[in-house]
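Working notes for the structure below.
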Amino acid sequence: MIAIGHGAAPPVPDPAQDNPRLGILLMIVSTVLFSLLWALVKTLSQRYPVAEVSFFRSVLALVPVGVLIATHGGWTLLKPHSLTGQIWRAVIGVTSMLLGFLSYHLMPLADAVALSFTSPLMITALSVPMLGEKVGPWRWGAVVVGFAGVIILVDPSGSVFNLGALAAIGAAITSAFAMITIRQLSRTDAPLTIVFYFHLFSSLLTVLPLPFLWVTPRVADWGLMAAMGLAGGLGQYAMTRAYALASAAVISPLNYVSLLWASLFGWILWNDVPALHVFVGAAVVVASGLFILYREGVRHRNG
């Protein structure tokens, strides 16, 4: 999965720097960091408004992002080709982040993360009208099967289909729009440029409602806020480096490892054990996502 609100499209790997083993290790590290981020969001959103948690997640992530910019090209990266495009990407990304954080607040963590795996299916569907890409019958079939997995996952007749599930699905839809926008921006702007402006504008957007719902953080929670920003920033760096060291075909499937970490955090912190239908539905969604990735590889090899 492309973590909600992460910000950057994966760069094209440089064959001279190819190191699949290190890339795999860094991608696994990123899934741990992002799962830790989600667990911190769920913990903090029990005590603070989702918009306030989102603000701190965005503004504190500017620190590691600033360090990355300083060491990977400097201030020249702060010259976007389209500032309007960066703002639009931030608006979509903030919407996705808020809905995603709301789903973590309202649902067991593993359930919310499993639903976020629908984003690649939606990206495939949206790439036709928004990017003019051709999607063949095999990939359309995978999308249909994937959405069948979503139905199994949310269990409309049971307790999972609720406001939290709707928020998670809404987050996946807006995340797909955000990733499509990132693809468009990546034609002219570097990944770190997109990451920086996402966090800058998301900080500005999420600060707007704070005067009306501000809750002063406890002293101990400032540490959790800082850990949230650090986990997000370092997770972004580890993921970006992973995609630079190995191909997307090798790295992308490891996104699904985050479901295991989310299940582990949910079990340890909240005694949440996902129901069988969650694992079955997630397995169908993951399988369809992997098949779409495979077909993408076939399409690129065939030109």
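One table, with the values for the structure above:
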| item | result |
| --- | --- |
| Hits in segment 182-220 (condition: under 24 Å from the mean Cα position of the chain (by Cα) and charged (D, E, K, R)) | Arg183, Arg187, Asp189 |
| Unmet criterion (only one of (1) among the aromatic types (Phe, Trp, Tyr); (2) out of contact with any Ser or Thr (no Cβ under 7 Å at 6 or more places or on another chain); (3) assigned to a helix (DSSP H, G or I); (4) at pLDDT 90 or above) for Trp88 | (2) |
| Enumeration of residues in segment 193-217 that are within 19 Å of Ile182 (Cα to Cα) and touching a Phe, Trp or Tyr at 6+ places or on another chain (Cβ under 7 Å) | Ser203 |
| Verdict on Gly149 being in a helix (DSSP H, G or I), more than 30 Å from Leu234 (Cα to Cα) and among the small types (Gly, Ala, Ser) | yes |
| Positions within segment 40-75 being assigned to a helix (DSSP H, G or I) and within 14 Å of Asp221 (Cβ to Cβ), in sequence order | Leu40, Val41, Lys42, Thr43, Leu44, Glu52, Val53, Phe55, Phe56, Arg57, Leu60 |
| Qualifying position, being β-branched (Val, Ile, Thr) and at pLDDT below 80, among Val145, Val113, Val128, Val94 | Val128 |
| Scope segment 126-146; condition surrounded by fewer than 19 Cβ atoms within 10 Å (Cβ to Cβ), in a helix (DSSP H, G or I) and of a type in the set (A, V, I, L, M, F, W, C); matching residues | Leu126, Val128, Met130, Leu131, Trp138, Trp140, Val144, Val145 |
| Residue count for segment 97-117, restricted to those that are in a helix (DSSP H, G or I) and in contact with a Gly (Cβ under 6 Å, 6 or more places away or on another chain) | 6 |
| First in segment 270-285 and in contact (Cβ under 8 Å) with a residue 12 or more places away in the chain and farther than 19 Å from Thr124 by Cα, second anywhere and part of a helix (DSSP H, G or I) and of a type in the set (S, T, N, Q), Cβ under 7 Å, 6 or more apart | Pro274/Ser263 |
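The values are calculated or read from the model by the stated rules, or taken from the named source; none is laboratory data. These figures come from a predicted structure and were not determined experimentally. Note: ideal-geometry Cβ built from the backbone for every residue, glycine included; neighbour counts use all protein chains shown.
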